[in-house]
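Colleague: The structure follows.
Readers should treat all values here as calculations from the given coordinates under stated rules, not as data from a laboratory. Bear in mind that the values here come from a model prediction, so they are computed numbers and not experimental data. Positions of Cβ are backbone-derived with ideal geometry, glycine not excepted, and every protein chain shown enters the neighbour counts.
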Amino acid sequence: MRNPDLQEIEKFTESAENSRIRAELWGDFVGWSGRRRGENGFLITQLKYHTARRVLDVALGDGADAIFLLQKGFDVATNELDNAFRKKAIENAKKAGLGLNPTSLDWRNLSSEYEPNSFDALICMGNSLTCIKSREGQVDALRQFREILSLGGVLLIDERNYQRMLDNREATIAGTLKSNANQVYTGTNRVKTRFLELNNEMILAQYTHLESGMKAYYNAYPFKKGELLGLLKEAGFSRIEKFSDYEPGDNPDADFYQYVCVK
Ligand SMILES: C[S@@+](CC[C@H](N)C(=O)[O-])C[C@H]1O[C@@H](n2cnc3c(N)ncnc32)[C@H](O)[C@@H]1O
């Protein structure tokens, strides 16, 4: 029998109110300049290496990556399923003097609005694919990503190293597992992340904004070691390079993995 409080939180996680709070605190969670420092040029280096000009950010979030790429001169299209994130990203772009016109598609349905072979690059950052819980749904999404990429186009996608967290479950739940995620990935200490549940099927994370006390939740599927790589291959990507916290290679102690997948 699951903890009834956790069941309530899981239900709340699906609500518009959770989305609203999540979009509100996301900027302080990510820390836009901290993310740039953490990734140390990874996005631009990869996009330039693969001569990408036309880019689609399939998981816009609050616009942290898409707005940066627009400022760097890329031709960026955007997609965001979540209403609150979409609104926040448009607001953030406006503040930067830029316009965004995101679509609001589920990844499994991207080809309803985007033509096959139409982008040089797709980015799906921020551990986003884990939001789809079913294996079938994950592969469908990756197949759609591949379909709208041009031949030789590149998918940049990342995942949190959940295997390490599952292997150190008690320390993860207690908050004592050593992690550099807030330097490598987000770059702020203004939002505290706590893992309320972590098992083979799901993770439930709580984000607390330390100044305002606002709390939002994130419910996702934890990819196991090698799982995302297997799904990428199943979706048809054959040239895949793995990075660990933005360094080439496969480091079991990394906080995040990035994959550069060529169509
Ligand atoms: C953790 S947020 C990451 C946002 C942003 N990329 C970043 O790095 O800050 C997860 C993103 O995945 C999107 N998402 C989750 N499930 C989705 C689905 N089935 N189809 C499309 N987008 C989805 C959410 O709307 C959200 O933008």
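Colleague: When you scan the stretch 147-238 for helices (runs of 4 or more DSSP H) that lie fully inside it, which ones turn up with 1 or more residues that are of a type in the set (Gly, Ala, Ser)?
Modeller: Correct list: 169-174, 227-234.
Colleague: Within the stretch 37-58, is there a residue that is within 11 Å of the ligand (Cβ to nearest atom), surrounded by 21 or more Cβ atoms within 10 Å (Cβ to Cβ) and not in a helix (DSSP H, G or I)?
Modeller: There is at least one residue in the stretch 37-58 that is within 11 Å of the ligand (Cβ to nearest atom), surrounded by 21 or more Cβ atoms within 10 Å (Cβ to Cβ) and not in a helix (DSSP H, G or I).
Colleague: Between residues in the stretch 105-132 that are under 19 Å from residue 219 (Cβ atoms) and aromatic (Phe, Trp, Tyr) and residues that are within 13 Å of the ligand (Cβ to nearest atom) and not in a loop (DSSP other than H, G, I, E, B), which pairs lie under 6 Å by C-beta distance while being six or more apart or on different chains?
Modeller: Listed by first residue and then by second, the contacts come to 107/141; 107/144.
Colleague: I need a count of the residues in the stretch 137-147 that are buried (at least 21 other Cβ atoms within 10 Å of the Cβ) and either among the aliphatic types (A, V, I, L, M) or farther than 17 Å from residue 108 by Cα (or both).
Modeller: Qualifying residue count, the stretch 137-147: 2.
Colleague: Something else about it: Given 128, 150, 212, 179, which one is within 16 Å of the ligand (Cβ to nearest atom), more than 19 Å from residue 7 (Cα to Cα) and of a type in the set (Gly, Ala, Ser)?
Modeller: 128
Colleague: Ok, one more. Mind listing just one residue for me: the one in the stretch 73-112 that is within 13 Å of the ligand (Cβ to nearest atom) and touching a Gly at 6+ places or on another chain (Cβ under 6 Å) and, of those, farthest from residue 60 (Cα to Cα)?
Modeller: Restricting to residues being within 13 Å of the ligand (Cβ to nearest atom) and touching a Gly at 6+ places or on another chain (Cβ under 6 Å), the top hit is 92.
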